[in-house]
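Every number here is computed from the coordinates shown, using simple stated rules; none is lab data. All values reported here derive from a predicted model rather than from experimental measurement. With ideal geometry, Cβ positions are generated from the backbone for all residues, glycine too; neighbour counts draw on all protein chains shown.
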Amino acid sequence: MDLSSVKSVSPSKKIVKKILALLFSIGIIVVSFIILNNADKAAKETVDVLRVKPKEGIAAFVVFTEDNLEKYSIIKKEYTNDMVLAEDISLVLDKYSKYFLRQKSIIYNDQFTEEKPMRNEWLYEMNEENEVLTLPYNLLECGGDILMPGDRVRIRVSYETETVSASDPDSPQVLTMTRGRTIKTDILFDSIVIKDMLNSKSQSVYEVYKEIIKLDEATRQNVMKSEDFLRGIQPRALLLEGTKEQMNTYAKYNAYAGKTFLITILSRAESDVILDLRNEVGLYGFER
């Protein structure tokens with residue numbers, strides 16, 4: 001037998017590449033399995049915390065009870081030390097919420113207090129000789145959602161009366177004739193500050209804004225887009241602080257039948273509105 005005709009036998013380069021590719025694939029599978037297995041274990045490791053239970057959320061200054069709190073499990077790696085554990089519910093019960101909390105919001109240590117927060121602080125700071133007037137008004141006829149606590153406004157009152165001579169030195173600022181009726185228009189308040197407003201539920205708009213100021217920026221942006229917030233800041237009445245003389249003047253005009261009020265907004269150059277999103281500084285010293 002002629003051995004010279006038999007070629008030397010050795011592994012080809014293609015076979016080596018196939019083996020390496022196979023080993024590489026096996027390695028990826030093993031690593032992926034380990035990662036998925038660890039992730040599955042991590043997902044199974046949970047921590048029970050407290051969160052808001054009611055659909056309508058928890059309003060500011062409301063007492064925490066077992067009825068408005070619920071246990072909620074989160075992945076352990078998502079837990080932070082400032083969250084309240086479900087087992088520590090005793091630390092929260094009978095405490096007061098500092099501001100509005102939405103449904104399913106996790107409870108944090110800085111969201112409640114032992115002392116009941118003071119509402120409408122401006123009432124305590126008001127001059128003892130002044131009085132507060134509640135004046136209903138039409139939202140669309142006075143600035144829409146532009147108007148807010150801290151703005152200054154001018155209020156005119158129009159009412160029907162007997163004909164007055166234009167030469168009368170005591171004649172009103174505006175005198176018009178409409179369908180045979182004589183309508184006078186006087187300035188009721190030349191400049192008066194809106195201390196607060198009431199929404200459709202007779203709730204303080206001032207307090208709604210104050211709750212928003214206390215939120216962090218991300219949460220604030222989300223809340224301000226919610227329908228609950230938008231409804232909460234739509235005022236139906238103004239709360240005006242004035243002197244006794246101003247209130248007497250209002251009472252005199254209020255006695256007229258068919259009276260109407262015209263409310264115009266004055267410059268904010270000398271006003272302090274409760275929430276200026278450009279500066280993020282609120283009325284009465286509240287800051288974010």
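Mean projected area of the Cα convex hull of the range 218-270, taken over all directions, amounts to 6.6 nm². Here's the picture: a label point sits 7 Å out from the Cα of Leu266 along the beta-carbon direction, and within the range 180-197 the residues with their amide nitrogen under 12 Å of it are 188-194. Label separation (Arg119 vs Ser191): 3.2 nm, computed from points 7 Å beyond Cα along the C-beta direction. In the range 46-113, a dipole from Cβ-located charges (positive for Lys and Arg, negative for Asp and Glu) runs towards its positive end, and of Gln103, Leu93, Thr80 it is Gln103 whose Cα lies farthest in that direction. Here the dipole of the range 18-156 is about 1020 debye; that uses its Cα centre as origin and unit charges on the Cβ of Lys and Arg (positive) and Asp and Glu (negative).
Ignoring lysines fewer than eight residues from Lys77 along the same chain, the ones with Cα atoms less than 29 angstrom from its Cα are Lys41, Lys44, Lys53, Lys55, Lys95, Lys98, Lys104, Lys214.
Order of 188-200, 23-35 by packing, highest average Cβ count within 10 Å first? Intermediate values should be presented prior to the final figure.
On the way: 188-200: 19.4, 23-35: 10.0.
Highest to lowest by the protection proxy: 188-200, 23-35.
Counting only Cα atoms, the size of the range 46-113 along its three principal axes is 31, 22, 17 Å, in decreasing order.
Other residues within the sphere of radius under 15 Å centred on the Cβ of Asp67, judged by their own Cβ, net out at +1 (K and R +1, D and E -1). Dipole size of the range 46-113 about its Cα centre, with +1 on Lys/Arg Cβ and -1 on Asp/Glu Cβ: approximately 280 debye, rounded to the nearest 20.
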